[in-house]
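Note sheet for the following structure.
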Amino acid sequence: MNEYKNEIKIIVNTLKNGGVLLYPTDTIWGLGCDIFNEAAVDKIFKIKKRSKDKGFVLLVSDKEMLAQYVTRVHPRIDSLNDFHKRPVTVIYNHPVNLPAFLLSDDGSIAIRIVKDEFCQDFISAFGKPIISTSANISGQAFPASFSEINGSI
């Protein structure tokens, strides 16, 4: 974490002040914000021109953080994360300690323990999950690289 200590301070400050991040997730380039800041979540909907009936994935730094927001951690989450080369997103029913505006109509939420060390470090430093969604206008292709991100993002 020391190699990007200043970047993490800037990210945490941005999140605490209701900002939106454009950052490389462990899958694709994404947009993120504080899950508890409804105004920041609304900014992401506006940036993406996305319907509010579509949910987001929440990113957590580790299993301990995950356990704070679900009633039951998937019993094989460690082996699933270790076995798969790509990160695993799990749909959890009946999450806890999350704002209602984040939940799907059936009350569930998608959560992923990040594998990327940089994401783990800044989420851990922030101390709570963040929203994750692709850095594209809704309906357009996902950006595989920074140069593919639409300028309006």
Quick one: longest stretch of the chain between exposed loop trypsin sites (Lys or Arg not before Pro), exposed meaning at most 12 other C-beta atoms within 10 Å and loop per DSSP? 86-153
Report in % the part of the accessible area of region 11-153 that belongs to carbon and sulfur, leaving out ligands and nucleic acids; probe 1.4 Å. 50
Shape category assigned to region 102-153 from the gyration tensor of Cα positions, a/c cut at 1.5: oblate
Calculate the translational D of region 1-91 in whole µm² s⁻¹ from Stokes-Einstein, where the hydrodynamic radius comes from the Kirkwood formula applied to all Cα pairs, the temperature is 4 °C and the viscosity 1.567 mPa s. 86
At 1.4 Å probe radius, can you tell me the per residue accessible area of the chain in Å²? 54
Using helices alone, what [θ] at 222 nm do you get for the chain, with -39,500 (n - 2.57) per DSSP H run of 4 or more residues, divided over all residues and rounded to the nearest 500? -8500 deg cm²/dmol
Gaussian network model of the chain, Cα springs within a sub-10 Å range: biggest mean-square fluctuation belongs to which of Gln120, Gln140, Gln68? Gln140
As a quick test, which of the pairs Lys63/Lys115; Lys49/Lys128; Lys9/Lys49; Lys52/Lys115; Lys5/Lys128 have an alpha carbon distance above 20 angstrom in this structure? Lys49/Lys128; Lys9/Lys49; Lys52/Lys115
Restricting the count to DSSP beta bridges whose residues both fall in region 43-153, what percent are antiparallel, rounded to a multiple of 5? 65
Provide the descending list of Cα extents for the chain along its principal axes, expressed in whole angstroms. 42, 40, 30
Comparing Leu59, Leu80, Leu31 in a Gaussian network model of the chain (Cα, 10 Å), the one with the largest mean-square fluctuation is Leu80
Taking 7 Å along the Cα-to-C-beta vector as the label spot, tell me the Arg76-Ala110 distance in nanometres, rounded to one decimal. 2.1
Using only the alpha carbons of region 38-102, what is the convex hull's orientation-averaged projected area in square nanometres? 5.3
Could you list the residues of region 24-43 with an amide nitrogen less than 18 Å from a label point located 7 Å from the Cα of Glu3 in the Cα-to-C-beta direction? 24-27
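The values are calculated or read from the model by the stated rules, or taken from the named source; none is laboratory data. Note that the coordinates shown come from a computational prediction; the quantities given were computed from them, not determined experimentally. Cβ atoms come from the backbone with ideal geometry, glycine included; neighbour counts cover every protein chain shown. Protein only, heavy atoms only, side chains kept; ligands, DNA and RNA dropped before computing areas. Shrake-Rupley method; radii C 1.70, N 1.55, O 1.52, S 1.80 Å.
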